[in-house]
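The values are calculated or read from the model by the stated rules, or taken from the named source; none is laboratory data. Not measured: the values here are computed from a predicted model. Here Cβ is always computed from backbone atoms with ideal geometry, including for glycine, and neighbour counts include all displayed protein chains. What goes into the accessible areas is simple: the full protein's heavy atoms, side chains included, and nothing from ligands, DNA or RNA. Shrake-Rupley method; radii C 1.70, N 1.55, O 1.52, S 1.80 Å.
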Amino acid sequence: MKQIPNLFTLLNLLAGCLAIVAIMQSGLTLSVDAIGENLVVIPEKIWLASLFIGLAAVVDFLDGFVARMLQVPSELGKQLDSLADTVSFGVAPGLIAYQFLRLCFAQQEDGLDISTLWLLPAFILPCAGAYRLARFNIDHSQGYGFKGVPIPAVGLLFASFPLIYWYSGSDFLINLMLNKWFWYGTVLLCSYLMVSRLPMLALKFSGITTRKLLPFLIIALLALASGLSFGWLAVPIAFIAYVILSLTFKQPE
């Protein structure tokens, strides 16, 4: 019985591995446009990685829920969860940034021959995520709130970018994601938010009241409204709202 939550955690890890497979199989390819010019594109298969990361997030929630329901929390489960999260919400999103950085540079002349050094900043993200998880595991003061943005939130943010790129239909958003400075800035900002000690909201508190649930209700309603209006852009909007509301509302106990 006590191994059931760990099975969910391993499913989280499996989903993260499948996301990595989808990302790495989506190498840059050449296509020819209507006037005969070569274009460098990322095949749509990379959006499968977004779905796998989303699946990992669902399973990541369930493993903790199942552990509490069965009353079988364990130190092994805690460590295993962090290892799985590092892959699913750190390494896989870092590779998404890596592939998009390649795409950004590929738009330039001789961009496919760019030095790998220009792509390495993408891996600041999983390094920051791993550091945050390790600190969380030894910090027992985060019982009712987080210090720093949790890595699944960052993972879901980066998972939304391929979906926005392919399905938004917005020239502005597509051009934004073809800008290498967007990726450098987003990686650095999200890495900082993870390793910071900024107080972040968590759905972990004793007793349920309207006041405690209010920021989460705001985020949910905002995500729903923006999802109906802007599609996958709702994920970054909800992420920004989560950070702002976390800094605005005192974490209830």
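Things to note:
- Listed residue (VAL21, PRO73, LEU125) projecting farthest to the positive dipole end of the chain, Cβ model: PRO73
- Kirkwood-type radius of segment 65-147, with distances r between different C-alpha atoms, in Å: 15.1
- The Rg/Rh ratio for segment 95-183, using Cα coordinates for both the radius of gyration and the Kirkwood hydrodynamic radius, is 1.09.
- Electrostatic bookkeeping for ALA15 treats Lys and Arg as +1 and Asp and Glu as -1; over the other residues with beta carbon under 14 Å from its beta carbon, the sum is -4.
- Segment PHE216-ARG197, length gained on full extension (0.36 nm per residue, minus Cα span): 4.8 nm
- Average silhouette area of the chain, convex hull of alpha-carbon atoms, in square nanometres: 14.3
- Per residue, segment 105-159 exposes 49 Å² of accessible surface when a 1.4 Å probe is rolled over the protein heavy atoms with every protein chain present.
- A simple count of charges around ILE114, restricted to other residues whose Cβ falls under 13 Å of its Cβ and scoring Lys, Arg +1 and Asp, Glu -1, yields -1.
- Extension reserve of the LEU10-PHE182 stretch, reckoned as 0.36 nm per residue once the Cα distance is removed: 58.6 nm
- Gain upon complete extension [LEU70, LEU189; 0.36 nm per residue less C-alpha separation]: 39.1 nm
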